[in-house]
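These notes concern the structure reproduced below.
The values are calculated or read from the model by the stated rules, or taken from the named source; none is laboratory data. Here the structure is a predicted model, which is why all the values come from computation and not from measurement. Here Cβ is always computed from backbone atoms with ideal geometry, including for glycine, and neighbour counts include all displayed protein chains. The area values use the complete protein model at the heavy-atom level, side chains included, leaving out ligands, DNA and RNA. Shrake-Rupley method; radii C 1.70, N 1.55, O 1.52, S 1.80 Å.
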Amino acid sequence: PTVTNFTQDLSIGIYQPKVQAALERMKGNKFVSRLWGKDATLWKTDPKHVAIIKNSLGWLKVAEWVEPRLEELAQFAGTVKSEGFSDVVLLGMGGSSLAPEVFRRSLSVKKGYPKLHVLDSTDPGWVAQVEKSIKLAKTLFIVASKSGATIEPLSFYNYFFDRAKQNGRQFVAITDPGSYLEGVAKEMGFKRIFLNPSDIGGRFSALSYFGIVPAAIAGMDVQELIERAIEMGENSSPKVPIQDNQPVVLGAVLGELAKAGRDKVTLILSKEIESFGLWIEQLVAESSGKEGKGVVPIAGENLGTPEEYGGDRLFVSVSFGKNPKPIEIKLTALEKKHPVVRIQIENELDLGAEMLRWEIATAAACSILSINAFDQPDVQSAKDVTKLILKDLSVKGSLSMPAVHLQGKKFKATFSRASMKNAESSNGQKSLLRKFVERNGAGDYFGILAYFPFDPAIDKSLSELRNALKVIAKKSTLFGYGPRYLHSTGQLHKGGGNNGVFFILTGDPKNDLQVPEQNFTFGQLEMAQALGDFRALDANDRRAVWIHITGSLVQTLDELTQSVRAGFNV
């Protein structure tokens, strides 16, 4: 069989022989048949790793598992609709929230179904914004957590369960069998509990209940989404010649080019599926960013000229049909100096197939890099530090903030030890922040990590700061809202190559909110998470600066951007 709806064209120049050699090795090693046979030794042979991997490969056939359950799910969605629910709010984080967020922003919905909202930020402004946008008494809340004990979904649940007057019939759970959340849901009389297969990791769970349940309740065409995923799976089977196996070929490109120094995978997505980049970011970064290695996904950057980019880029375009002419002109210019992959799909429902394509490709790339694609040790390390900070808060009554190294008029900055060492090695009397930005290598990238409420004006200012850094420093730039990125690119930041330069940005919330059943507010939880990540980066000898904005967020961000454009004179 051949995929008729999807095309994948490579323009990778001098890297073609490396990719071809990798495919020949994979053919000889029977990679595809071993993949579908769930052979853990494709990634590692150590027993501890093998045990983790064996319990993480359920995603390969999850579309087939979901398909016979779609009719029952449609009936449940019809019941929710008939009962007059106007809104449905997904309370999750990372793997349990990113696929629903992509579906919310990309897929059309049938008339009369509740509007889907996704809450995956502990910022009190973000929580308040979601609450303000719904009719509380007519809202169904979906608490989604694989482990059932993740601090963010449980905090969201405590808050809205209290707001809903502890009416369990307004709540649904998606979790693994035997989890803490399953017990809570039974005790509190939740409307429904969806138990997901336990052999699927969060970032590979898009086509399981975690992605499909909220999409179905919101009136999206999950039947077609799943059918296209199944089609992609059939066309990635061992029966297909490896040269025609699009996901495996893409994985060979990602892995081999990363080994050759082209480790910054820059995504160019059609506007209709722009949010798909958030999901790819987590999948690629959290899977590959370990053992000092990793593929760095770059989503949401403005596309520039070939001269703006260094020799560490690979460009991947995912478009509805052909790209618009201005984008295609830029891509054509780029492929004269840089490798380019073009993927074309028919419409937004092809995201089901694309998700499986990227999952297989990521697994294949990690196999080439000899990385366990299915654990996330440094995500846990940041969580552990955050727990210690919150425990300290309960004793002292306030958060212990780090010492300030640079005091501006509207911000204060604290540098990690690696950053101070790096800055001090520079000559002259430049400011610490200017040294921090300038002292980096050719293969470095900047990560802008913002713990702010979502606001169009703030988002625009952050985008302009990001673009200024990209243009002036000629470096790749990552952007993520905290704490969302902690469960996404955060693994790569700490476990991948030490080529990231990180800006952690925080501010004081205008109106804080207490988390019921806890001794902290959402604002304190958010700040503890920012501080926990900063400490984890510092412990891993990473270059990072914490910038706490004391003035207006938009005004201060704009002033920082102007300073960057003027040569980092801050």
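With the condition kept exactly as written, say whether any residue in the range 232-248 is surrounded by fewer than 19 Cβ atoms within 10 Å (Cβ to Cβ), under 23 Å from the mean Cα position of the chain (by Cα) and among the hydroxyl-bearing types (Ser, Thr, Tyr).
Looking through the range 232-248, none of the residues is surrounded by fewer than 19 Cβ atoms within 10 Å (Cβ to Cβ), under 23 Å from the mean Cα position of the chain (by Cα) and among the hydroxyl-bearing types (Ser, Thr, Tyr).
Please find, among Val471, Val570, Val554, the residue that is open to solvent by 20 Å² or more (accessible area, probe 1.4 Å), at pLDDT 95 or above and over 28 Å from Gly202 (Cβ atoms).
Selected residue: Val554, the only one of Val471, Val570, Val554 that is open to solvent by 20 Å² or more (accessible area, probe 1.4 Å), at pLDDT 95 or above and over 28 Å from Gly202 (Cβ atoms).
Looking only at the range 64-106, filter to residues that are touching a Leu at 6+ places or on another chain (Cβ under 7 Å) and in a loop (DSSP other than H, G, I, E, B); which one of those is most open to solvent (accessible area, probe 1.4 Å)?
Phe85
Please work out which one of (1) of a type outside the set (Lys, Arg); (2) more than 22 Å from Ser205 (Cα to Cα); (3) open to solvent by less than 10 Å² (accessible area, probe 1.4 Å); (4) part of a helix (DSSP H, G or I) is the condition Gln282 fails and give its number.
The single condition Gln282 does not satisfy is (2).
Kindly provide the set of residues from the range 107-139 that are touching a residue at least 60 places away in the same chain (Cβ under 8 Å) and assigned to a helix (DSSP H, G or I), ordered by number.
Pro124, Gly125, Trp126, Val127, Ala128, Gln129
What's the number of the condition Glu256 fails, among (1) part of a helix (DSSP H, G or I); (2) touching a Pro at 6+ places or on another chain (Cβ under 7 Å)?
(2)
Output the number of residues of the range 316-348 satisfying the condition of being more than 22 Å from the chain's Cα centre (by Cα) and part of a helix (DSSP H, G or I).
So the answer is 10.
Which count do you get for residues in the range 293-315 that are touching a helix residue (DSSP H, G or I) at 6+ places or on another chain (Cβ under 8 Å) and not in a helix (DSSP H, G or I)?
15
Every residue, every condition in (1) within 20 Å of Ser476 (Cβ to Cβ); (2) free of Cβ contacts under 8 Å to residues at least 40 places away in the same chain, yes or no:
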{"site": "Gln514", "(1), (2)": "no, yes"}
{"site": "Arg542", "(1), (2)": "yes, no"}
{"site": "Ser552", "(1), (2)": "no, no"}
{"site": "Arg565", "(1), (2)": "yes, no"}
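For the range 260-268, indicate whether the set of residues that are of a type in the set (Gly, Ala, Ser) and not in a loop (DSSP other than H, G, I, E, B) is non-empty.
No, the range 260-268 has no match at all.
Quick check on my filter: what residues within the range 511-545 are among the aliphatic types (A, V, I, L, M), crowded, with 19+ Cβ neighbours inside 10 Å and out of contact with any strand residue (DSSP E or B) (no Cβ under 7 Å at 6 or more places or on another chain)?
Within the range 511-545, Leu525, Ala528, Leu531, Ala536 qualify.
Give the residues of the range 170-214 that are of a type in the set (Lys, Arg) and surrounded by fewer than 24 Cβ atoms within 10 Å (Cβ to Cβ), sorted by residue number.
Lys186, Lys191, Arg192 - these are the residues of the range 170-214 that are of a type in the set (Lys, Arg) and surrounded by fewer than 24 Cβ atoms within 10 Å (Cβ to Cβ).
Any idea which of (1) open to solvent by 60 Å² or more (accessible area, probe 1.4 Å); (2) more than 26 Å from the chain's Cα centre (by Cα) is the one Ile52 doesn't satisfy?
Of everything listed in (1) open to solvent by 60 Å² or more (accessible area, probe 1.4 Å); (2) more than 26 Å from the chain's Cα centre (by Cα), Ile52 misses just condition (2).
Out of everything in the range 26-37 that is within 21 Å of Val50 (Cβ to Cβ) and of a type outside the set (S, T, N, Q), what residue ends up being surrounded by the fewest Cβ atoms within 10 Å (Cβ to Cβ)?
Taking the candidates together, the pick is Gly37.
Residues that are among the β-branched types (Val, Ile, Thr) and surrounded by fewer than 17 Cβ atoms within 10 Å (Cβ to Cβ): which helices (runs of 4 or more DSSP H) entirely in the range 365-462 hold 1 or more of them?
377-396
Here is a check on your reading of the model: is Gln529 touching a Phe, Trp or Tyr at 6+ places or on another chain (Cβ under 8 Å), closer than 24 Å to Leu91 by Cβ and either assigned to a helix (DSSP H, G or I) or of a type in the set (Gly, Ala, Ser) (or both)?
Considered against the rule, which asks whether it is touching a Phe, Trp or Tyr at 6+ places or on another chain (Cβ under 8 Å), closer than 24 Å to Leu91 by Cβ and either assigned to a helix (DSSP H, G or I) or of a type in the set (Gly, Ala, Ser) (or both), Gln529 comes out as yes.
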